[in-house]
Structure formats: C-alpha cells, structure tokens
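The values are calculated or read from the model by the stated rules, or taken from the named source; none is laboratory data. Bear in mind the structure is a predicted one, so any value in this text is a computation, not a measurement. We place every Cβ from the backbone using ideal geometry, glycine too, and count neighbours over all the protein chains shown. The protein model used for the area step is the full one, side chains on, heavy atoms only, and it has no ligands, DNA or RNA in it. Shrake-Rupley method; radii C 1.70, N 1.55, O 1.52, S 1.80 Å.
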Amino acid sequence: RRSGQYTMNHDHSKKIPDGASFDRSGSQDSLDELSMEDYWKELENIHETRGNNHDEGVALVVKEPDEGELEEEWLKEAGLSNLFGESSGDSQESMVFLSTLTRTQKAAVEKRVETVTQTLRKKNKQHQIPDVRDIFRLQNDSKGKVCDGSQPSTVRTSENKNETHDGTKDPKFNLGTDEQKSTLEVAPSSDTDINLEISFAEQAANLKESSVDNMCKGGGGDTLLPNFRLLKDKTGTTKIGDLAPQDMKKVYSLALIELTALYDILGTEFKQQKAVKIKTKDSGLFGVPLSILLEQDQKKVPGTKIPLIFQKLIAQIEETTLETEGLLRIPGVATRVKTLCQELEAKFYEGTFNWENVKQHDAASLLKLFIRELPQPLLTVEYLKAFQDVQNLPTRKQQLQALNLLVLLLPDANRDTLKVLLEFLQRVIDHRDKNKMTLKNVAMVMAPNLFMFHGLGSKTIEQSEFVMASGTANVMRFMIQYQKLLWTIPKFIVNQVRKQNTERQKKEKKDKAMKKLLKKMAYDREKHEKQEKTPNDTDVPQGVIRVQAPHLSKVSMAIQLTEELKAGDIVARFLSQKSGNVQILNKEEVFLYEIGGNIGERCLDDDTYMKDLYQLNPNAEWVIKPKQS
C-alpha cells in the first residue's frame, strides 16, 4: 500500500463486536444491541467479499490540509475567492452576494475570511490582504442596513404574535416594494413543521436563545420518527430540477454557507475532506467513477442520468418480487457474486449477459457491491464526514435540515443516483409485512455500504464502533424516511437567489447606462429596456398575465389573476383548448414556468398561487412547456 493512504482495517482477526460491551453514550438514537445485528452481519459480508477481491481496488488518498487551506478552499467553493488573494480588488460581485446573506451566514463567512487572512499574513504573501472587518463594513455601508446582523437580510419580521415555535418569526420577502404580502399560509406551527422560509441556522440560533425542545430527540423504532411536514407556501414548492443551471450554482454556494453556519451555531465541526486525484478505471462497470460511467452510458442511451447497470440491477431485483423475506439482508453466495461481477464486466455492454442466471439475492449483493466499489463514495469524499456528523446534531429537525442542505451540495450524478436508490429502498420497505424488512432493517443493512467507504476506512476503536454504527444507520433511516423533503430547495435560499439576480440586474442596468453613447449598444439597450417593462403595460391590463404555450394548439392567452388561481388551473385551461394537428400532450408532460425577472427559470408546482408569485416577481414571463429531462 502507498504511504499516506486511508484504508479500512481488513484484519480478520479483529472480531466484529458481538454486542455485549458497547459504549453507547454518544449515540443519538441509542439502538439496542439486538437491533444492530443486521449491521454487523452486513459488515461481515462486506469483509468476506472484500477478502476475495483483496488485490483489486485502489485506496483513495485523502490529503491532510495545511493551516488555512480548508478555509481557502471553502471560500472558493462558496464563490467568494475574490475576497482574498490577487483578485481581492475585484470583489464587487461578492459584495452583491454578501448583501443577501443572513447574519449567521455572514458570521460563517467572516470566520473563514479571518482564518485565511491570518494565514496569508503569516506566510507574508504579497497580496493585498483586506481586513475581514473592512470587507463587511464596506458591504454594510454600500447596502444600508441589509446585513445589520439583527435579522436575516431577506426577511422582514411581522409582529410578535406571528412568532413560530422555531423561535423565529414569519417572514416577508422584500424586493423593494413595501406592499408585498407575507407568502406564508397562516397555520399553527409545531415541532414537526418544517419552515423553509427562514434560514435553518437562524432558526437554530433563535432556538438556542429560547428553551430547547426535547420532543425531537431520542427514538428508535420506525413508528417513533416524527411525521415532519412542509409548511404550505403559496408561491409554490421548489424541487431540485426546477431551477435553471445558473440559479442552481447560486443555490450550491448558499447551501454550503448555510450548512456551515448551521454547524457553527450547533458547535459541530464542518470540514470538507479533499481527495487527491488518483488513477481510476476509465471503462467497465464496477470501480468506475460515476462521471465516466454516465459518459459511456449516454452514448448508448442519450440523456440518461443514472448508470445503466445500476438501473438494471434494481429492475432485476424488482422483477421477481419485493416480498422475498430478507431481501437486501440475505447475501448472495460470495463466489457466485464474484463470477457474475466478472461476467457483467465482459458482457453487459455487448448485450450478451444472461440475466436469467442472476438470483434475486445475488442481484441485491451486486447492487451493494456497485455502491461500495465506486472509487469515491456516493455521498462524496468532500461530504461523507458531514453526512456522518448529522447524527451529532441536537434535534431531529436540525438533522433533517442539515441533510436537506447536504443533498443540495452533491454533484448531479451522485444526487440522481442516490435518489433512485432511496426510492427503491422505500419500495422494499412498502412490502415489509411480507419481506420482514422494516425501515430500521433496511437502514442497518445499507448504512455500511454507503458510510464505511473502503478508500477512507474506519479507524474507530471497538468502544466507539457501536456509536458510529447506530449513528450512520440513523442517518440512513432519515434519508429513506424523509427523501421527499430532502429534494426540496428551501424558500429562503430561492429568495436569496432572487435578491442576487435583482441586485445584478440593477448593476447591469447602470453599466448599460454608462455605455449608452456607444452606437453598437443602441439596439441591445432598446431591446433590454423593452424587456424591462413590467407586464402591466398598455397591452396587458392590471392583474392580468400573458401566458405563452408554444407547444400547444392555443399558443397564447391573457389570464386574469384571482386570489385562488393556481398554476395547475392555467395549464388545465390551455390543455382544454385542443384543436388542429398539434401534438396532444398530457397534463403530466407540461408545466408552467416562471422565466426571467428575479429568477433564471423555475418550473412551478401545480399548487402555486399565481397572484402571490406575480407579486414576488412582476417582471417574469410565463411559459407552458415540457420539463427538460
């Protein structure tokens, strides 16, 4: 083995704990020893399989960062690298970004800039090194009271009577007009309500100041997981995949800062790990990076987002029946699985592999092997530890909020594959009466496959192994149980994106005004000004929007906005106007989109109240079209 590599302890003389002497003091949901049996059995199966392939596979090298390096990398990831170094003078774009941050997000950035600044000073770098206080002072001066530290910058509080049980207050997102109404449906808030309107870190900070609720701690069985629900948002719920790529980049930066702020408030260390690039297989099925797999799969099936072998293994397991007792828990025969693995490598893409030879338990073992053999973990090297650390957060609601942000941080390929996996695991659990695989059982079996990554290894001593095991099993349980919530983009982040876009547009407008003497800009400026007009000009009366539907027989319609009109109603109205030879599309195939104004592009859910959304983004265009795959 190369020096400096982190590998799992493969010493088979080290006995898997048998449950008699676990120290469970740090366990979030102390699961009893008996219920952990599936976990240890799965670990033994993994050791056995790995024993057969001991000479194969490459250990992953994880670089130990130098002082300040982590923070510097963090600022780059957050899109704030121009706050330091050679480009520190050109930080206007970052100032706009900083002006949209909440006080806790701002504190998280400040903390990292301070560390990088001190490190650069120590190293006597010849850069202009701004004082962190100057950065935020300058930004505060230019933006008035946007980030005065008293409130999240994108929210305005109403009276105390609207205070929620999070210790926070119902927000009013403001883009410059005072008459905007609160978009939160008035509903009694409880410990199981997930408020996406207010920054999670702000909620945690406010909760710290008030009495901490113990209701969401502890637990164990399936029935004890709270029935969390999202508070209804009249401007529509935004899911991953609903926003344009340029806005998703902003979502990534904000999610990283928000997660860091949340971990800071809760006293949990947040460290991204960094993998050193190593040589990996550039073809095949097992042990191939997801990106390369998808590249070769897209040549066969254009547009596919999930590796074909992964899809096929799930289909193979489901083809028999999901009622098989011990499904996922009972392993396939190790030697047979190894042979099948080799045959698949040789014949899968040629289409000559005989799937009839694959027993259901073998297919399940191959699926888990595929996940384990990825050169980098499905949850990524950067965030695997952060996923594990979710178990250390004080309340279940905070654990769920952290997982939500972590899912937003995953690369598309990892996130899409994880989604398909979690949906499949839920289908297995749906047959628990027959297959005896409850949420807890499935989580126990799958946790070591996702968390005990062979490249990073586990250096835990036996005493803390139980804590690690039960903790990751609980994180796995959360991911399966609350998967629908985890693929939601919080409203407060979407609002921050809107705010950034508005500020950028203002700046662009100023820049264009400066260049108005240049003749070649005249046409563009005229076009821009035309687009800048609100939809309330002469051809569209007040309270009416013009909806375009280029793919439908009725290509355009003026729609009168009412308090109760929803996006789904508008789509239904267009679909009812069928005529001519235009291709007939079903309701499930087309969606209403909000385009431009303060958002790049956003696919609306059917329950979006259009009048509320129009008030949030009056300059948007409204288009009905099929969803991009």
- Note on the structure: Simple SL model, points at 7 angstrom along Cα→Cβ for A558 and K484; separation in nm is 4.0
- Query: Which whole-number percent is the relative contact order of segment 540-628 (Cα, under 8 Å, 6+ apart)?
  - Reply: 34
- Round to a whole angstrom and tell me the spacing of the C-alpha centers of segment 434-454 and segment 267-301. 23
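Can you tell me which of 236-245, 501-510, 406-415 comes out highest on packing, and rank the rest after it, using the mean Cβ neighbours within 10 Å? Can you show the working numbers first?
Values: 236-245: 18.4, 501-510: 15.0, 406-415: 20.2.
So the peptides 236-245, 501-510, 406-415, ranked by packing, come out 406-415, 236-245, 501-510.
Provide Y593, Y349 ordered by accessible surface of protein heavy atoms (probe 1.4 Å), highest first.
Values: Y593 10, Y349 65 Å².
Greatest to least solvent exposure: Y349, Y593.
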- Item | Two-site label geometry, K627 and S283: point separation in nm, points 7 Å out along Cα→Cβ | 3.6
- Hey, which of these cross-link pairs are over 18 Å Cα-Cα: K281/K419; K305/K419; K41/K484; K250/K566? K281/K419; K41/K484; K250/K566
- Message: If amide hydrogens are placed 1.01 Å from N in the peptide plane, which non-local residues have theirs closer than 5 Å to the one on M437?
- Response: G326
- Query: Per q in 0.12, 0.14, 0.17 1/Å, what log10 I(q)/I(0) does a Debye calculation on the alpha-carbon atoms of segment 540-628 return?
  - Reply: -0.32, -0.44, -0.66
- Query: Kirkwood-based Rg over Rh for segment 287-378 (C-alpha set), two decimals?
  - Reply: 0.95
